[in-house]
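A short worksheet on the structure shown next.
The values are calculated or read from the model by the stated rules, or taken from the named source; none is laboratory data. Source: prediction; values computed, not measured. FYI the Cβ positions are ideal-geometry reconstructions off the backbone, even for glycines, and counts take in every protein chain you see. With ligands, DNA and RNA removed, areas are computed over all heavy atoms of the protein, side chains included. Shrake-Rupley method; radii C 1.70, N 1.55, O 1.52, S 1.80 Å.
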Amino acid sequence: MYDESDESSDEYGGGQSYRPTAHSQSRYHSRYRTPFNPKPHLVTIVKSQTGFGFNVKGQVSEGGQLRSINGDLYAPLQHVSAVLPGGAAERAGLRKGDRILQVNGANVEGATHKQVVQQIKNGGDRLQMVVISVEDPDMDSALRYECGDDLGGYPVSNSPYRHDYSECRSLPITIPSHKTVIDTDGQKYTVFNIHMAGRHLGSRRYSDFVALNSMLRSEFIDFSFPKLPGKWPFSLSDQQMDSRRRGLEQYLERICSVVVIADSEMVQEFLMESELAVEVEVRVLLPDQSTIALNVRKTASADSLFSMLQKRLELSREYAASCSLFETMDNNFDRKLAPSECIHQIYIHNYSSSASSCIVLRKWLFDPSRERELCLRDATFARFVYYQTVAEINQGKIRAAHKMYQLKALQSEERMGQYMDLARSLPGYSSISFPVCALERQPAATNGASSSSSPSFSSKIVESRVVLTVGFDSISLREVDDNVEIDSLYVPSRSDDDMETVLEWEEVHGYKVLEDGSSFILECRRRDRKPRVLKLISSYADFMALCFAQIEIERDNAEREARAPDASLHVADAVAATSAAIEMISV
């Protein structure tokens with residue numbers, strides 16, 4: 001699995017971001033000396049035990065000013081910021097500083113860091129990239145400067161064009177506060193907290209702003225930069241410190257409003273590579289639309305954030321085992337986070353939604369009977385489930401139809417028991433409908449394929465676009481028009497019922513996710529019909545498998561409890577078993 005770093009970069013190694021030392025560089029340089037190639041060339045990397053063995057770094061926003069690299073113009077490119085000595089990437093010929101043009105056949109010019117990382121992840125264990133090597137990996141050759149004697153050594157650009165400062169945009173970047181930090185040596189210093197759209201990117205010292213300003217003035221020599229707040233040799237009063245904060249905020253707003261400057265590597269690294277020792281604030285949206293702020297390290301996982309949330313909210317063990325953290329995607333679909341995902345990376349890269357946070361706490365339980373049982377025992381759980389249900393009815397995920405008027409009359413915490421009894425009887429309750437995906441279908445092998453087999457789709461035909469819905473009692477595939485966009489959320493109506501195919505869980509014979517994570521394979525056999533293998537092409541294939549495994553565990557637990565209530569599997573143990581099952585599926 002990929003282990004995302006705490007910066008605007010991702011490392012593809014053994015879980016630690018590689019920082020080469022002089023000794024390690026000299027040790028491996030002669031062994032894997034890669035010739036310099038200034039032209040676009042293909043590099044094929046096969047993942048080893050230490051991963052792919054390189055870091056990716058670059059801009060977090062899309063598009064940007066064209067730049068000259070080795071004499072040709074390109075949109076901003078992500079680059080290789082470090083290569084593991086002796087690792088898979090170095091053996092394949094990848095160099096530090098290489099600019100990435102294509103990933104697994106997809107052009108990534110002007111792409112965001114998150115988009116390039118996702119393309120790399122989708123490739124499985126074999127990665128193909130088209131890259132361009134630059135002469136000096138520590139300096140962008142597209143914007144290289146030389147020292148001119150006639151100007152007393154002041155940098156002079158040898159770039160064949162001047163920067164275009166006319167393209168501007170407004171970024172919601174602020175510095176709302178500052179705080180005092182004590183380092184490991186007991187020294188105190190002040191950092192300024194940088195936020196984007198209300199989300200804490202990181203924290204920077206005043207000296208970091210001074211260094212950034214110096215580098216930008218050397219790079220963009222013909223731009224009129226705003227002045228930084230002046231230095232002061234003595235301790236600042238609270239009023240003076242707040243004045244400095246406002247001045248730094250105005251400086252950052254000004255330089256980030258110019259696209260070519262905001263998209264430069266210097267600014268992107270400044271915003272994303274802040275003090276690692278300083279904790280960042282992450283807000284979690286609760287089902288009742290209130291938020292709770294937690295301070296975590298930038299490298300914190302989703303699992304560690306959930307543990308902190310459990311303690312802060314004083315959630316019972318049963319309640320915590322029936323909830324999880326989700327990410328609200330750009331299409332308003334909620335995706336369950338994997339325990340090891342870097343929470344801060346997700347939090348800051350997904351700030352396009354109108355909600356106060358893209359990290360949300362939601363129920364992770366499909367069995368309505370089990371849910372009703374927990375609601376009777378835990379008032380906090382009952383309240384959160386009620387507010388989540390209200391939201392899903394208002395969004396159309398639960399189809400209220402002619403019951404809407406009755407639900408509105410019952411919508412209050414005092415009558416939430418009656419409200420929930422009615423809501424649980426509605427179509428779509430306690431189920432997950434995935435965004436629209438493409439469906440490919442063909443008969444299964446006559447000798448009986450298993451979930452571990454790899455069916456061939458050499459004669460495949462993309463038959464339709466469908467919406468997969470999974471619930472405790474059944475699975476449905478609802479066909480939609482071909483003009484409905486892939487990955488969009490589709491709210492069904494009653495007239496769509498004729499286009500729906502319902503599968504019972506007993507008809508599911510197996511399922512798996514393809515190695516590249518691009519498709520979910522479902523093997524089913526309906527009564528009196530031939531076995532079928534369905535291929536759902538979706539960026540949420542892993543989440544589909546996770547839902548299937550969770551429901552299987554819950555159904556097994558319900559059947560065991562029905563046979564012998566005292567021997568039922570505890571829900572917390574069911575969750576642990578689910579994680580193990582998903583891990584086996586991933587392998």
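Annotations
- Residues that are open to solvent by 50 Å² or more (accessible area, probe 1.4 Å) and more than 17 Å from residue 201 (Cβ to Cβ), drawn from segment 296-306: 303
- Qualifying positions in segment 292-339 - in a strand (DSSP E or B) and not small (Gly, Ala, Ser): 292, 294, 295, 296, 323, 325, 326, 327, 328, 334, 335, 336
- Within segment 293-315, residues that are closer than 12 Å to residue 337 by Cβ have Cβ atoms under 8 Å from residues that are open to solvent by less than 50 Å² (accessible area, probe 1.4 Å) and polar (S, T, N, Q) in these pairs: 306/324, counting only partners at least 6 apart in sequence or on another chain.
- Once segment 143-177 is narrowed to residues that are modelled with pLDDT under 50 and of a type in the set (A, V, I, L, M), the residue that is surrounded by the fewest Cβ atoms within 10 Å (Cβ to Cβ) is 151.
Conditions tested, residue by residue: (1) over 19 Å from residue 323 (Cα atoms); (2) out of contact with any helix residue (DSSP H, G or I) (no Cβ under 8 Å at 6 or more places or on another chain).
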position	(1), (2)
357	no, no
378	no, no
397	no, yes
401	yes, no
407	yes, no
418	yes, no
427	yes, yes
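- Pairs meeting the criteria (first residue in segment 105-118 and more than 13 Å from residue 63 (Cα to Cα) and free of Cβ contacts under 8 Å to residues at least 40 places away in the same chain, second residue outside any loop (DSSP other than H, G, I, E, B) and open to solvent by 20 Å² or more (accessible area, probe 1.4 Å), beta carbons under 8 Å, at least 6 apart or on different chains) are 105/128; 106/119.
- Scanning segment 392-421 for residues that are assigned to a helix (DSSP H, G or I), of a type in the set (A, V, I, L, M) and surrounded by 15 or more Cβ atoms within 10 Å (Cβ to Cβ) yields a total of 5.
- Hits in segment 241-252 (condition: under 15 Å from residue 224 (Cβ atoms) and open to solvent by 30 Å² or more (accessible area, probe 1.4 Å)): 250
- Qualifying residue in segment 279-293 (condition: farther than 30 Å from residue 314 by Cα and crowded, with 19+ Cβ neighbours inside 10 Å): no
- Some residue of segment 330-337 being open to solvent by 40 Å² or more (accessible area, probe 1.4 Å), basic (Lys, Arg) and either without any contact (Cβ under 8 Å) to a residue 24 or more places away in the chain or more than 25 Å from residue 558 (Cβ to Cβ) (or both): yes
- Among the residues making up segment 310-333, those that are of a type in the set (Asp, Glu) and closer than 12 Å to residue 380 by Cα are 314, 318.
- Checking each residue in segment 318-329 for being open to solvent by 10 Å² or more (accessible area, probe 1.4 Å), of a type in the set (S, T, N, Q) and farther than 25 Å from residue 272 by Cβ picks out only 324.
- Entry remark, segment 46-79: residues being buried (at least 17 other Cβ atoms within 10 Å of the Cβ), in contact with a strand residue (DSSP E or B) (Cβ under 7 Å, 6 or more places away or on another chain) and polar (S, T, N, Q) number 2 in total.
- Filter result for the condition that a residue is buried (at least 16 other Cβ atoms within 10 Å of the Cβ), touching a residue at least 12 places away in the same chain (Cβ under 8 Å) and over 27 Å from residue 342 (Cα atoms), over 201, 216: 216
- Long-range neighbours under 7 Å by Cβ, at least six apart or interchain, first residue more than 15 Å from residue 385 (Cβ to Cβ) within segment 400-423, second surrounded by fewer than 14 Cβ atoms within 10 Å (Cβ to Cβ) and at pLDDT below 90: 401/494
- Residue match in segment 266-275 (condition: closer than 30 Å to residue 336 by Cβ, in contact with a helix residue (DSSP H, G or I) (Cβ under 7 Å, 6 or more places away or on another chain), open to solvent by less than 50 Å² (accessible area, probe 1.4 Å) and touching a residue at least 12 places away in the same chain (Cβ under 8 Å)): no
- Taken over segment 457-496, the criterion of being modelled with pLDDT under 60 and open to solvent by less than 70 Å² (accessible area, probe 1.4 Å) is satisfied by 457, 496.
- Of all residues in segment 80-114 being closer than 19 Å to residue 133 by Cβ and polar (S, T, N, Q), the one that is surrounded by the most Cβ atoms within 10 Å (Cβ to Cβ): 81
- A count restricted to segment 517-555 and to residues that are assigned to a helix (DSSP H, G or I), open to solvent by 20 Å² or more (accessible area, probe 1.4 Å) and over 16 Å from residue 471 (Cβ atoms) stands at 1.
- Subset of segment 125-142 that is loosely packed, with under 14 Cβ neighbours inside 10 Å and modelled with pLDDT of 85 or more - its residue that is nearest to the chain's Cα centre (by Cα): 125
- Within segment 69-104, if we keep just the residues that are small (Gly, Ala, Ser) and without any contact (Cβ under 8 Å) to a residue 60 or more places away in the chain, the residue that is nearest to residue 47 (Cα to Cα) turns out to be 88.
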